[in-house]
Number of protein chains: 2
Amino acid sequence: MEEVLPVFNSAVSIDCVLFGFDAGELKILLIERNEEPFKDWWALPGNLVGEDESVDQSASRILHELTGLSDIYMEQYYTFGEVGRHPQGRVISVAYYAMLRLGGDKALKPLTSYAKKAQWINVKELPKLGFDHQHIFDKGLEKIKRRIKHLPIAFELLPEKFTLTQVQNVYELILGKKLDKRNFRKKMLSFGVLKELDEKQKGVSFRAATLYKFDRRKYAKLFGKEISF
Amino acid sequence: MEEVLPVFNSAVSIDCVLFGFDAGELKILLIERNEEPFKDWWALPGNLVGEDESVDQSASRILHELTGLSDIYMEQYYTFGEVGRHPQGRVISVAYYAMLRLGGDKALKPLTSYAKKAQWINVKELPKLGFDHQHIFDKGLEKIKRRIKHLPIAFELLPEKFTLTQVQNVYELILGKKLDKRNFRKKMLSFGVLKELDEKQKGVSFRAATLYKFDRRKYAKLFGKEISF
DNA sequence: ATTACTTAGTGTAAAAAATACACACTATAT
DNA sequence: ATATAGTGTGTATTTTTTACACTAAGTAAT
């Protein structure tokens, strides 16, 4: 067989860092591995790129196969290419992140035996991760910190209808610090991407907060602006 | 021979987008290719990652081999992984950028026959580039635009001693718009990363401007701040 | 030495944005 | 009726951004 140029010189994989928000906690999606190396360890959902797929397509497919999730918009943020990062050989990994609302609804179900299970885990209780996945996660968290300062993007983590306090909670969790309530609300509303609903929070044993929803049309115009709290 | 896991599934390459500033022009470093495909075309300096090198190391080596330049700090900014981007097979390319002062001093000399020559070319007169390199360049330019708004980083493009007007010229070229002189100076000096020298510009046939130099120590403290003009 | 030329260098007022800060309201549970 | 817990609101101060035009200094030509 004639050698094709250029010659393959690496395995290329995808790793996905998915952030979710639920019950006041910032969570991340992990799988429990069912294959060597790092069998039985927790790891980021990841696998090899397909030869006939773009890396973006691979990312979607791999996430789906390992967790059952589909139609998740993920964004590439960095490529990890240290020589020793995979114990069995050269693997260069392209990392993606996404932010995601957790309804408790969708069950996570790996479609391959490569993962035993997939689970949302509180970022404050991260287990030891296989490979260099702790590092990949750390970089992903840095990335979304910068990201939510630029764009009011945290709605991706919330249900369709949400309260301003919920939005503030997400910001505080991601940024790791408290924000002033009045200033936060003023600023958030000033973006003009939230629509106030004629509807109140339900099932709480205190004054119910007003619900809002996110206006994607107006949101699209916001690119390039910086937010600071 | 036993198959090693994971299996190589792609060629991985590096492409370098180097910006330089000289004689009032923003330039980019290109090579003229000496190999198929795109023989005799202009292209970004790029080649395959070595199997025993990190992608960062590969980037430095490849830049050196194709242009003779060394000790250039480059930053990774995106990985291009569309299926059809290389006509001869699957190649995923990790792109790096750098900003660089051009002294006219260092000659560019490819150390391999893979490039016929390397040359700094005005970004306003870009030739047609091979592969998807126009796209990679466009993304690189976007990246440095965002970058110089965040950090007063344009000094990398300037000689050790420079005038404020030179700094402003660089900003205007990269951002593609005129800036107000008084506001620019006020802002730039307010960062406190410039040291005014007891020295004036030489060899000009008009009032000589004060020279400044860049203070790396103070600069290191600036990360995270946003600049806007 | 006068003049013309070219770039350097400077300040202020107005508008906009960011920050700091505290209490009354309202729904529920008992 | 009362206790409780989170909701929702305004203003004054400071900081940052923007807009804007002339004089100063050095060189070159006559």
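The values are calculated or read from the model by the stated rules, or taken from the named source; none is laboratory data. For clarity, every value in this text was computed on a predicted model and none was experimentally measured. Cβ: placed from backbone, ideal geometry, glycine included. Neighbour counts: every protein chain shown. For accessibility, only protein heavy atoms count, side chains too; no ligands or nucleic acids. Shrake-Rupley method; radii C 1.70, N 1.55, O 1.52, S 1.80 Å.
For residue B:156, indicate whether it is in contact with a Leu (Cβ under 7 Å, 6 or more places away or on another chain), open to solvent by 30 Å² or more (accessible area, probe 1.4 Å), of a type in the set (D, E, K, R) and within 16 Å of DNA strand D (Cβ to nearest atom). Here the answer is no, as residue B:156 does not meet what is asked. Screening B:124, B:139 for residues that are under 16 Å from the mean Cα position of the chain (by Cα), within 14 Å of chain A (Cβ to nearest Cβ) and more than 16 Å from DNA strand D (Cβ to nearest atom) leaves exactly one candidate, B:139. Among the residues making up segment B:182-195, those that are surrounded by fewer than 16 Cβ atoms within 10 Å (Cβ to Cβ) and outside any helix (DSSP H, G or I) are B:192, B:195. Listed by first and then second residue, the pairs with beta-carbon distance under 7 Å, at least 6 apart or on different chains, first residue in segment A:17-41 and over 15 Å from residue A:97 (Cα atoms), second aromatic (Phe, Trp, Tyr), are A:22/A:120; A:32/A:42; A:33/A:41; A:34/A:114; A:35/A:114; A:38/A:131.
Screening residue A:132 with (1) of a type in the set (D, E, K, R); (2) under 13 Å from residue A:95 (Cα atoms); (3) open to solvent by 60 Å² or more (accessible area, probe 1.4 Å) gives one miss only, at (3).
Look through segment B:154-176, keep the residues that are within 12 Å of DNA strand C (Cβ to nearest atom) and out of contact with any Pro (no Cβ under 9 Å at 6 or more places or on another chain), and return whichever of them is farthest from the other protein chains (Cβ to nearest Cβ).
We begin by selecting, within segment B:154-176, every residue within 12 Å of DNA strand C (Cβ to nearest atom); these are B:162-169.
Now drop any that are not out of contact with any Pro (no Cβ under 9 Å at 6 or more places or on another chain), which leaves B:162-165, B:168-169.
Values: B:162: 28, B:163: 29, B:164: 25, B:165: 27, B:168: 22, B:169: 23 Å.
The extreme case among them is B:163.
Looking only at residues of segment A:88-107 that are open to solvent by 40 Å² or more (accessible area, probe 1.4 Å) and out of contact with any Asp or Glu (no Cβ under 9 Å at 6 or more places or on another chain), we find that the one that is modelled with the highest pLDDT is A:107. Checking every residue in segment B:190-207 against the condition of being out of contact with any Ser or Thr (no Cβ under 6 Å at 6 or more places or on another chain), away from DNA strand C (no atom under 16 Å from the Cβ) and touching a residue at least 12 places away in the same chain (Cβ under 8 Å) gives at least one match. Is there a residue being of a type in the set (D, E, K, R), farther than 17 Å from residue B:100 by Cα and without any contact (Cβ under 8 Å) to a residue 24 or more places away in the chain anywhere in segment B:120-137? Yes, some residue in segment B:120-137 is of a type in the set (D, E, K, R), farther than 17 Å from residue B:100 by Cα and without any contact (Cβ under 8 Å) to a residue 24 or more places away in the chain. All of (1) surrounded by 14 or more Cβ atoms within 10 Å (Cβ to Cβ); (2) touching a residue at least 24 places away in the same chain (Cβ under 8 Å); (3) within 23 Å of residue B:83 (Cβ to Cβ) hold for residue A:112 with one exception: (1). Is there a residue being modelled with pLDDT of 90 or more, near DNA strand D (Cβ under 8 Å from one of its atoms) and open to solvent by less than 90 Å² (accessible area, probe 1.4 Å) anywhere in segment B:210-229? Among the residues of segment B:210-229, not one is modelled with pLDDT of 90 or more, near DNA strand D (Cβ under 8 Å from one of its atoms) and open to solvent by less than 90 Å² (accessible area, probe 1.4 Å), which makes the answer no.
If I go through segment B:114-129 residue by residue, how many of them are in a loop (DSSP other than H, G, I, E, B) and at pLDDT below 95? Outline the logic, then answer.
First pass over segment B:114-129, keeping only residues in a loop (DSSP other than H, G, I, E, B): B:114, B:126-128.
Next, only the ones that are at pLDDT below 95 stay: B:114.
Result for segment B:114-129: 1.
The set of residues from segment A:41-76 being over 11 Å from residue A:18 (Cα atoms), within 13 Å of another protein chain (Cβ to nearest Cβ) and touching a strand residue (DSSP E or B) at 6+ places or on another chain (Cβ under 8 Å) comprises A:46, A:47, A:48, A:49, A:51, A:55, A:56, A:58, A:59, A:62, A:76. The listed residues are B:151, B:179, and the only one of them that is open to solvent by less than 30 Å² (accessible area, probe 1.4 Å), within 14 Å of another protein chain (Cβ to nearest Cβ) and within 16 Å of DNA strand D (Cβ to nearest atom) turns out to be B:151.
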